[in-house]
Amino acid sequence: MSTAETKPTGTDLQVLADLDAVMKRIIDGTPVDPETGRRIEERANRITQEIYRTHGLIDDETFQKLLDDDDEP
């Protein structure tokens, strides 16, 4: 899969619907149906693989430094 295939060109309505299902789960405990869960997991795996292809394996210390950089003004 190329980078162009993973870059969104706009807000996908299915992504918004999945986000809504996750928010309902967080707010009031409404179960996420298996199909929605499968889509979310597949999307997360694609994103993870793209990050790995772009940046390689990032060790925990480096990852924490990246997170800490986000906290600085």
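Go through region 36-73 and give me each residue that's at pLDDT below 85, among the charged types (D, E, K, R) and more than 30 Å from Asp20 (Cβ to Cβ). Those that are at pLDDT below 85, among the charged types (D, E, K, R) and more than 30 Å from Asp20 (Cβ to Cβ): Asp69, Glu72.
Has region 24-36 got any residue that is surrounded by 12 or more Cβ atoms within 10 Å (Cβ to Cβ) and touching a residue at least 24 places away in the same chain (Cβ under 8 Å)? Checked region 24-36: no residue is surrounded by 12 or more Cβ atoms within 10 Å (Cβ to Cβ) and touching a residue at least 24 places away in the same chain (Cβ under 8 Å). For region 19-73, the set of residues classified as among the basic types (Lys, Arg) and touching a helix residue (DSSP H, G or I) at 6+ places or on another chain (Cβ under 7 Å) consists of Arg39, Arg46, listed by residue number. Taking region 12-73 as the region of interest, the helices (runs of 4 or more DSSP H) fully inside it that hold 3 or more residues being out of contact with any Cys (no Cβ under 6 Å at 6 or more places or on another chain) and among the β-branched types (Val, Ile, Thr) are 13-28, 34-55.
The values are calculated or read from the model by the stated rules, or taken from the named source; none is laboratory data. Since this is a predicted model, take the numbers as computed values, not measurements. As a convention, Cβ positions derive from the backbone with ideal geometry for all residues, glycine included, and neighbour counts pool all protein chains shown.
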